[in-house]
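Scroll down for the structure; my scribbles are underneath it.
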Protein chains: 2
Amino acid sequence: MRIWHTALALFIGGPALAAPSALAADIAKWRDSHAEAVVTQLADMIAIDSVAASPAGLQRQADMLVAALAARGFKAQLLDGKGGPPVVFGALATPGARRTVVFYAHYDGQPVVAAQWATPPFDPVMRDAAGKSVAWRGAKLDPEWRLYGRGAGDDKAAIAAFLAGFDAVRASGRKPSVNIKVVWEGEEEAGSPHLESVLAGNRALLAGDLWLIGDGPVHQSRRPLVSFGARGVMGLEMTIYGPGRALHDGHYGNWAPNPAAMAANLVAAMRDDDGNILIPGFADDVRPLSAAEAAAIAALPPVEAELKRSLALGRSEGKDGLTLSTMRPALNVRGLGAGQTGAAAANAIPTQAVVSLDFRLVPGQTPVGVRRKVETFLTARGWTITDREPDSAARAASHRLVRLGWEMGYPALRADMTTPVARAVIAAAQSATAAPVGVLPMMGGSVPLHMFDTVFGAPIIGLPIANHDNNQHAANENLRLQNLWDGIGAYAAIIGGLDW
Amino acid sequence: MRIWHTALALFIGGPALAAPSALAADIAKWRDSHAEAVVTQLADMIAIDSVAASPAGLQRQADMLVAALAARGFKAQLLDGKGGPPVVFGALATPGARRTVVFYAHYDGQPVVAAQWATPPFDPVMRDAAGKSVAWRGAKLDPEWRLYGRGAGDDKAAIAAFLAGFDAVRASGRKPSVNIKVVWEGEEEAGSPHLESVLAGNRALLAGDLWLIGDGPVHQSRRPLVSFGARGVMGLEMTIYGPGRALHDGHYGNWAPNPAAMAANLVAAMRDDDGNILIPGFADDVRPLSAAEAAAIAALPPVEAELKRSLALGRSEGKDGLTLSTMRPALNVRGLGAGQTGAAAANAIPTQAVVSLDFRLVPGQTPVGVRRKVETFLTARGWTITDREPDSAARAASHRLVRLGWEMGYPALRADMTTPVARAVIAAAQSATAAPVGVLPMMGGSVPLHMFDTVFGAPIIGLPIANHDNNQHAANENLRLQNLWDGIGAYAAIIGGLDW
């Protein structure tokens, strides 16, 4: 099973696979004896409702993290969020170190619909592999157990792994191999609308030689992963208008425009069942994969059959396989709402339909360009675009009226995987584990990497740790304990062993 | 403005327009002096939550109506609903009368979503033309005021108008011109699944020479209407399955099938933005309009421009105009639901999408035929159909899996408008009003007329009274008082003056 890794090494000069390092052995020992404390620290974080709907929860989480850094000797502070939640910053110089690594993660979680959760989203619960709740305090922690709660995997796991990894390196008697800075933001799940101005306003304070991005899941094969980018993202809510009041659909059906049918027809004109985006020219600007990137993807172990089984999927969209598919731009329909379904369905033409979308962007695309293409497409199809709730006169004046609510978006980033620092990070990650580390040119998910590039121009590399099946962005989010253990090892390897 | 009516008369032998009759004058006088009591009776009915979700409310309403009939000398009883709510039955013989008219209406209302109502749906409130709540008890009742509440227009208005019309005839010193029977059901808004067996089980008891159907709105011009049929209806809920758990749409978008996008594409393949049904052969069996029917429709006054203004519509579906459009089969999208929209929207691929539809059927179509055509269409497009919630194995075994929840449906009916009884009903309705009575071959809405035809074979004619803008089937349903006054006049004219 190592063939894939060797093939990849030909392209990007990755490390030969070796036994875990002496550091790794020390870290594993520390981890075993501190497991409950590490999980407790994560559980304490999950118990804080640090989501956009709760500014107080975001503040509490930020305060807790500043205290955690200060307790470890960091110069720690909250940076003003420039209109967003505060950014947690910490710095710890290592005498003699040549390089500075800035560790990025985010302490906010996706919105929750509490009713969809098996247990409350901010009440961390441990469950075994069968999903049964277990009393974990004082127990021997099974690595297949999972801790449930909003943010468990996305992205409080990365913060917990950093803190524990740091503690483990220090406990091993070693000093860090690099100067350390920490930037933990609280607005990632809202598209980081204020982060760039925070970064730009603290350019000197935050300067470093590498941004190490702790976000996203590892490979579906459960192998550790180093990633070199992330897709961009841009949200769009489209509200489509029908009659000014709901109408009996017997007396008016076929005459009064049905906004739910219009919404369906519009979505179908934008995207087919196989994920193909039908908006003209949408992919014109897409930068193709390099040979090294294509080889890295080809070298990842196949996971589709097992994923389809675990997700009860009878097919996939397209024929490219998972990773290649997520190298393309995506139009995701994340919500549809019109009228009523189920027992509450009334035989009425609804007054409006709402379509909630997000676009995933790839290198070459920009939010402005995506917006322009979508709006050109809509206009060409006869839609009148508005950005506010229309009054009756505006509704009556248009054949097809759509209100567009664009969210702040940001572009993708896919960095060079063949630089010295890239090789060094892969080597450090590999030193922490006996399993072959996967190399991913770009995550399908989004992290605002472009901002670090724009403001600092420094290399940006991702070190995800969460299990792929962590229910990220959905109900019952969780973190598999083995992923936390692996993450601690990976962070410790970077903190204690990275150099280039 | 009478040209339309005269033109129509050429085809169906309708009445010459005349001044209201002596009976009409007496009725108007009675109505003026009993207005508050009449509205109170309707308000008392609205205050009862006789909707499918409340069997107790249905029972209370039925009990109240039996008592109301008994108080007027009817032999009144509840007929067993054969699994549905009880059917209210009453009979009153008129010595010397040759004909028996069975008055049908329904005492149940559409489901409610209370949060969408300006005031609670079962708490009747009077509002003036500007929508301002008014204290109406003891006040002079403005005919443009409206009484709000579920069932106000659909269909308690018809029951209230019958009762008041009956009282008014009696108060005028006249005896009814016909034997009277009353059948008021409690399951119309659920598709009347048990009514046919109730009718068939009480064939002799319910026999009559004419079924007079009190349901639906009058013409959008506010002119009184006699109708000769109604479209059929059939509800369908389609549940479309995506991944077994919601997935991060960055990491899985473009690979894991998105059920919301599948739902949109499916709806778009079934119906376009102009109401055209794209299911192959869907309209094959449709019986075309007769010359008389087409002429009756052409003779109705145009209402589209005013309707578009009041509904804030910039266009209509198709180019046929309102009434002709509703002579065609319809596929109405009454609800769409997938994932979340608005602030709760998460960047996730939903696990399922739900599409709630109703089909409106026209003569020549049957529910069985519609179902067959829809299922053939789905199968031809690669969908696997199930009628139950699928388990993981069933989901994984299908490329496209759809759960179909078919509601009980029934066919349309469009009766001959040229028979003696048809002419007599039109004449009686015309005798009640100075306004030209419109003649509608078939209502766009649905009433289970076919059952009366199947079981009894007697003529079936509709006498709607509610205002067209009554928010029927939606929030803030209401009845315009002038429509109640007109309805009382129309019912009194039938009860006191119909003969053929």
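The values are calculated or read from the model by the stated rules, or taken from the named source; none is laboratory data. Small disclaimer: the values here were computed from a predicted structure and weren't measured. When we count neighbours, we look across all protein chains shown, and the Cβ atoms used for this are built from the backbone with ideal geometry, even at glycine.
Between A:389, A:375, the distinction of being part of a loop (DSSP other than H, G, I, E, B) and touching a residue at least 12 places away in the same chain (Cβ under 8 Å) belongs to A:389 only. Only one residue in A:440, A:479, A:449, A:463 is more than 22 Å from residue A:208 (Cα to Cα), buried (at least 24 other Cβ atoms within 10 Å of the Cβ) and away from every other protein chain (no Cβ under 12 Å). Which one? The conditions single out A:479. If the condition is being away from chain B (no Cβ under 14 Å) and of a type in the set (A, V, I, L, M), then region A:397-422 contributes A:415, A:417, A:421, A:422. For first residues located in region B:299-328 and free of Cβ contacts under 8 Å to residues at least 24 places away in the same chain, partners that are crowded, with 17+ Cβ neighbours inside 10 Å and part of a helix (DSSP H, G or I) and lie 6+ apart or on another chain with Cβ distances below 6 Å form the pairs B:304/B:322; B:312/A:395; B:312/A:396; B:314/A:396. Given the residues A:171, A:204, A:139, A:157, which is the only one that is over 26 Å from residue A:98 (Cα atoms) and either in contact with a Lys or Arg (Cβ under 6 Å, 6 or more places away or on another chain) or surrounded by fewer than 20 Cβ atoms within 10 Å (Cβ to Cβ) (or both)? Every option except A:139 fails the conditions. Does residue B:182 qualify as being within 11 Å of chain A (Cβ to nearest Cβ), β-branched (Val, Ile, Thr), in contact with a Leu (Cβ under 8 Å, 6 or more places away or on another chain) and farther than 30 Å from residue A:320 by Cα? Judged against the criteria, residue B:182 is not a match.
Of all residues in region A:294-309, those being within 14 Å of residue B:257 (Cα to Cα), crowded, with 16+ Cβ neighbours inside 10 Å and not basic (Lys, Arg) number 1.
Mind checking whether some residue in region B:416-423 is buried (at least 24 other Cβ atoms within 10 Å of the Cβ) and of a type outside the set (Phe, Trp, Tyr)? For region B:416-423, residues buried (at least 24 other Cβ atoms within 10 Å of the Cβ) and of a type outside the set (Phe, Trp, Tyr): present. Only one of the listed residues (B:358, B:320, B:391, B:387) is in contact with a helix residue (DSSP H, G or I) (Cβ under 7 Å, 6 or more places away or on another chain) and of a type in the set (Asp, Glu). That residue is B:358. Within region B:334-349, identify whether any single residue is of a type in the set (Val, Ile, Thr), at pLDDT 95 or above and under 15 Å from residue A:249 (Cα atoms), and answer yes or no. For region B:334-349, residues of a type in the set (Val, Ile, Thr), at pLDDT 95 or above and under 15 Å from residue A:249 (Cα atoms): absent.
Inside region B:354-371, can you point out the residues that are at negative phi, more than 9 Å from every other protein chain (Cβ to nearest Cβ) and touching an Asp or Glu at 6+ places or on another chain (Cβ under 7 Å)? Residues satisfying the conditions are B:365, B:369. Candidates are the residues of region A:388-405 that are touching a strand residue (DSSP E or B) at 6+ places or on another chain (Cβ under 7 Å) and farther than 20 Å from residue A:236 by Cα; the one that is surrounded by the fewest Cβ atoms within 10 Å (Cβ to Cβ) is A:394. Filtered by the rule that a residue be surrounded by 24 or more Cβ atoms within 10 Å (Cβ to Cβ) and in contact with a Leu (Cβ under 8 Å, 6 or more places away or on another chain), region A:330-347 gives A:331, A:332, A:333, A:334, A:336, A:337, A:338, A:339. Among the residues here, residue A:223 qualifies as surrounded by fewer than 21 Cβ atoms within 10 Å (Cβ to Cβ) and either in contact with a His (Cβ under 9 Å, 6 or more places away or on another chain) or assigned to a loop (DSSP other than H, G, I, E, B) (or both).
Note on region B:188-241: residues that are touching a residue at least 40 places away in the same chain (Cβ under 8 Å) and farther than 30 Å from residue B:302 by Cβ amount to 31. Report, by residue number, each residue of region A:318-337 that is more than 7 Å from chain B (Cβ to nearest Cβ) and charged (D, E, K, R). Across region A:318-337, the qualifying residues are A:319, A:320. Of all residues in region B:161-190, those satisfying the criterion of being assigned to a loop (DSSP other than H, G, I, E, B), of a type in the set (D, E, K, R) and closer than 18 Å to residue B:499 by Cβ are B:174, B:175.
For region A:236-252, taking the residues that are over 20 Å from residue A:336 (Cβ atoms) and in contact with a Ser or Thr (Cβ under 8 Å, 6 or more places away or on another chain), the one that is surrounded by the most Cβ atoms within 10 Å (Cβ to Cβ) is identified as A:252. Scanning region A:441-463 for residues that are among the β-branched types (Val, Ile, Thr), touching a Ser or Thr at 6+ places or on another chain (Cβ under 9 Å) and over 19 Å from residue B:253 (Cβ atoms) yields one hit, A:461.
Considering A:303, A:233, the condition of being more than 10 Å from chain B (Cβ to nearest Cβ) and of a type in the set (Val, Ile, Thr) is satisfied by A:303 alone. Close Cβ contacts (under 7 Å, 6 or more residues apart or on different chains) running from residues in region B:26-45 that are under 13 Å from residue B:149 (Cβ atoms) to residues that are of a type in the set (S, T, N, Q) and modelled with pLDDT of 95 or more comprise B:45/B:61. For region A:264-282, the tally of residues that are touching a residue at least 60 places away in the same chain (Cβ under 8 Å) and more than 7 Å from chain B (Cβ to nearest Cβ) stands at 7.
Within region B:36-68, being in contact with a helix residue (DSSP H, G or I) (Cβ under 8 Å, 6 or more places away or on another chain), part of a helix (DSSP H, G or I), of a type in the set (A, V, I, L, M, F, W, C) and buried (at least 20 other Cβ atoms within 10 Å of the Cβ) holds for B:38, B:39, B:42, B:45, B:46, B:65, B:68.
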